[in-house]
1. Could you give the alpha-carbon Rg of region C:451-531 over 2.2 N^0.38 Å, rounded to two decimals?
2. Over region C:453-593, how many percent of alpha carbon pairs lie in each 10 Å bin up to the one with the longest distance?
3. From Cα coordinates alone, what are the radius of gyration and Dmax values for region C:404-469 in angstrom?
4. With unit charges on the beta carbon (Lys/Arg positive, Asp/Glu negative), name the residue among C:Ala51, C:Gly119, C:Leu303 whose Cα is farthest towards the positive pole of the charge dipole of chain C.
5. Using a 1.4 Å probe on the protein chains only, how many percent of the accessible area of chain C belongs to carbon and sulfur?
6. Below 8 Å, C-alpha to C-alpha, sequence gap of six or more: please give me the relative contact order for region A:1-83 in percent.
7. For region A:82-164, build the charge dipole from Cβ charges (+1 Lys, Arg; -1 Asp, Glu) around the Cα centre, then report which of A:Ala98, A:Pro88, A:Gly122 sits farthest towards its positive end.
8. All other residues with a Cβ under 11 Å from the Cβ of C:Pro78 taken together, and with Lys, Arg as +1 and Asp, Glu as -1, what is their net charge?
Amino acid sequence: MPHSITLTVNGRAHEVHLDDPRVTLLDLLRERLALAGTKKGCDRGQCGACTVLVNGRRANSCLMLAATLDGCEITTIEGLSEGGDLHPVQTAFIENDAFQCGYCTPGQIMSAVGLIAEGRAGDDPERIREGMSGNLCRCAAYHGITLAVQEATRRMAKDEMEDAA
Amino acid sequence: MKSFDLIRPATVQEAIAAWEPGASWLGGGTNLVDLMKTGALEPGKLIDLGRLAVLRDVETLPDGSMRIGALVSNADLADNPEILRRYPMVSEALLSGASGQLRNMATVAGNLMQRTRCAYFQDPYAACNRRAPGTGCDAREGENANLAVLGWSDACIATNPSDFCVPLSALDAVVEVAGPSGEREIAIGDFHLLPGDTPERETALQPGELIVALRLPAASSGFAANARYLKVRERTSFAFAIASCAAALRMEGGRIAEARFALGALAAKPWRVSEAEALLAGQAPDAALFERAANAALAGATASGDNAWKIELGRRTAARALAMAAAGTPQRMPALPASVFAAQAGEPAHV
Amino acid sequence: MSDTLARPMRFGSNSGQPLTRRDGIAKVTGAATFAGDNSPEGLLHAVFVPATIARGHVTYLDVESAERHPGVTCVLTPQNRPPLQGDPSAKPTMFSFRIEVLQDDTVRYAGQPIALVVGETLEAATEGARLLSPRYEVEPVRTSLDDNEAFGFEPAGFGLPAGAEHGDVEAGHAASAKSVDVTYETAAQYHNAMETHAVVASWDGDRLTLDMPSQALMMSCAGYANFFGIPPENVTLSSPYLGGGFGSKAFVTGPQVLAILAARMAGRPVKLMLTRQQMFGPVGHRGATRQRLRLGIDENAELTVIDHEGLAETSTFDDFVEPAANASQGLYAARALRSTHRAVRLDIGTPGPMRAPGEASGSAALECAIDELAELAGIDPLECRLRNYAETEPGTGRPYSSKALRECYSQGAARFGWADRPLEPRQVRDENGLLTGWGMGTAFFPAPMFAAEATATLRPDGTALVETSAADMGQGAWTALAQIAADSLGLPMDKLEFRAGHSSLPDGGIAGGSGHTATAGGALHAAGTDVVQQLGQIAAADPASPLHGAGNGRFVARESRIYLEGDDTRSEAFADIMARTGSAEITGSGSASRPPEDAERHAMSSHGAVFAEVKVDPELGQMRVTRLVGAFAAGRIINPRLAESQLMGGMIWGISFALHEEAKFDHRSGRIVNADFAGYHVPVNADVQGLEVITVHEDDPFVNALGIKGVGEIGVTGTVGAIGNAIRHATGRRIRRFPIRVEDLLAG
């Protein structure tokens, strides 16, 4: 039973014709839309490597059936930096050495962007640790990840205040 | 993953009409899609409820109860100001579960329908009466250290993994369902079933029935000042409970006027303990009292395998949760919800 | 976008600077391409079928149903699998493991590949694999250390381990005033790099192109070439990034061979990515151990004997025995030392090296046992270790090439505040009523060097190209090795083009054993030095150069100039020499080496001291590491930022070992019941706080020309024991089984 859906991915509309309802958002991105920046770590919602934003909120793309996402807006790691300028979270990840192998990194960054938007953690390291616990890092760059999210949160808040002023 | 038909109805009526044996409702998909990937579940048809915006409302009804749409996400519900104010341990339980990503996806109804984490249920190559009736139970002689110590049967020793359902049980939530023969309500205590000889029957839902909403009674908000959820787990976050307790006290003049508590991860359903609650009524809160209540709560607990230790853990978890509730609901959600590692000091909320 | 963030650059040496990762922007933007991210035209997807029994035979596969599934193009089983040139049961090289590539219907462990399904889409191949619904003839399985007879394991190449014995062990036992006789157990652990093993294979005639994460590119090329009867140079392997390796991506694996075979059969590229569950079987693991330690001390708490017996699992068909007991060699100045190993054959995938093989498991037990002795002696655990400080290598008496362990102890202890530690356990509660305990452990890891080659090419425009097939699995090779290369050429980083991670480049050796920076870095240093000497000779022969006539001297380079060594007044810029003499590119080459006489005369190891604070809710069995301070002396640190990250990562692996990781077997089916990230716990972010790393300065003139030891694995050692000891200190309970579980604290 084919499904035709419209997805906006990183600001670009895609008409997707799905011949198979089993295709997850993750596999759609990686195998059919040539957006392999989003990673598969467990394919079961247990590691967070596949995190993307769906309508602005972080989600595990491995557990979403693509055919159910008609009309959704998806942001992946490829869509985060506008015009070559790094997002503050990306910059903070580099500055704080918040990754080693880099495989979980797109998911970590998208999760951090989602967490900051939720406003749940602020710059409290314990709340950041809790809020980022859905993203496993086997290299265990957690110390840097927490610092990076803290720093990016502050920087974004400051930028926002300056923009408002 | 086995192939399936996917339909996306636009109304509840359409959804119900679309149901047929072998069909599954698809909400957030965090549990169902996962189990379809392992092969533990093989629905022939998925009825995606994603277009039913009507199931995403949270409202306060004229009688003061709160009605929560079946598709409200765990994250939205946990952050709902009215829930936080009136039923804070519901938020704490939700926020202690899964991850930020999963809570954004997972729904209220999906959480109620969450399947056991028993490894033998998840593994399609293992014998499991719950997944495949009549095949036996590999857990009985297998890796069962985390399985049930209450309410289990020879057929099944699985536990219900939900955090959310534990405070719901303590707070007398009501499940609203709609089905081919109309609408009805199911008390949360009747919603999940103990395994008995038919562990495949997990809930009171009849074939084709769909959860449309959850109601929290107005009276249950009377516990908000002294309500906590405590979750014992194997890592600090992103882990299922091995024992948990939702405890709520209504205090009057330094005494417990009324107590509610329920245990999680010890049985195939949230374990509400009315007799133990009764022990608390009218008493001044102290450790010895909470211990007595906890002992009463675990009365009848027996090991179903290599898990006798969970009986004692359940007692201690209950006693501690009661003590935490007595200390007062914190003003702000702890950084580590439901964790013993959250700072216990700080001003209680005056709600 | 440039490849690093703009930051002020100090003059002088690149090495020693905390540069951010050169691949950082690629990694934070999703531009870093891992093997499975490749999707060449015409791609097919392969999925292997894992055995669901652990011992027996496959009697039936429903090939027809699988083939009928829409999109399935091919089902590979022992019945139709074309022959391979290489024998999967042979061990042609020291690093070869026996593999399962559908050579017969025998099942030797759960998770073994028993068929491969190829499809037009991943969804089709996945379902095709499920539809095979295998049936078996099942034999009784053995998956616990008690399930089979232990035997004395004869050392067999990379199957390891030899034991060692120094001094009179029986006399050591007899001379002890106090002793412990304790048995520790460690669980089976699986590497579980975030990137599962993956391959994208395509054939062009008898030429094979592989996108595949590899810790040892050249060895992989030779290994896979062997199975397909082609020369290694016909294999092009690209591994620019590895999503973690930890020892599991250095070897040929069965599933990857099958995918390559499928690509040849199909005449189309094939992609295979293991599922997370499939990582628990055919790609190695850290074998479970049971270790008995009998330690004795005299009245001064000086060790009279360390007698360490290891028992470890291996598979029924190949050898890898965790050399846990060897961790007791080389660390404490015991009068007598004995390490012995026995093995048990089980129906499991063959274990293999996993981050700090031997040392991690062995140190976990040893460091706890040392603490038990300290407690017997009534002295502080640090004091106990200092009393047994080895000034020379125990047993052999060889001097250390360098050893700043004493400084690690003192700096780590000072940072941690160790002096305030109450001697008795169960003395401290925090403001929330949680028991608080402090423990420590000594960290230790050898500093090996392997073989590697590199080339460097200086161009007339003042830039240089350096090349080696080094692998970056997160340790930071792209950055640290480039820093070394830039220094060797006397160039700033922005004049350097660094190529690695591809088999067309000179053999960069193995990223393993914590020796990659020393080894590949050594080769790069030699190659750069070669270029500098060549250019120096050109200048020396040129009457117009200030260096004219200096041909008997040695040359050094810095800031794009050549200097006569020892005479800063004589120098000339690269560009000037090259322009005047009309030099085209100058290419040099080099290989890594450690003078054999230095290697023989010295013991070479990294050392460290780890201090842990844990908080424990003893009633509920809840444990959390709240502070972890590690001080490490690991020779010269090329990039402190990256080295600290690696050391922290290792320490968190220590948390994981101590409190989380454990593959749980159903001993009836032989299947691992928690073969996923929900059940097989590794630490999450909330499990990590209060982490501090101190790198202690160490000048090592012997270990290699660069003075580099290595930081990849040592962080795991010491940490496990420190946490076990901290839990003892917090609770008064000594748990002799890792990971320490909730129920262990509840009992009694």
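The values are calculated or read from the model by the stated rules, or taken from the named source; none is laboratory data. Computed from a predicted structure; not experimentally measured. Note: ideal-geometry Cβ built from the backbone for every residue, glycine included; neighbour counts use all protein chains shown. Remember, those area values only see protein heavy atoms, side chains included, never the ligands or the DNA or RNA. Shrake-Rupley method; radii C 1.70, N 1.55, O 1.52, S 1.80 Å.
1. 0.96
2. Here the calculated profile for region C:453-593 is 14, 44, 28, 12, 2.
3. Spelled out, the Cα radius of gyration and Dmax of region C:404-469 are 24.3, 69 Å.
4. C:Gly119
5. Whole-percent figure for carbon plus sulfur exposure: 49.
6. That works out to 36 percent.
7. A:Ala98
8. Every neighbour counted, the sum reads -2.
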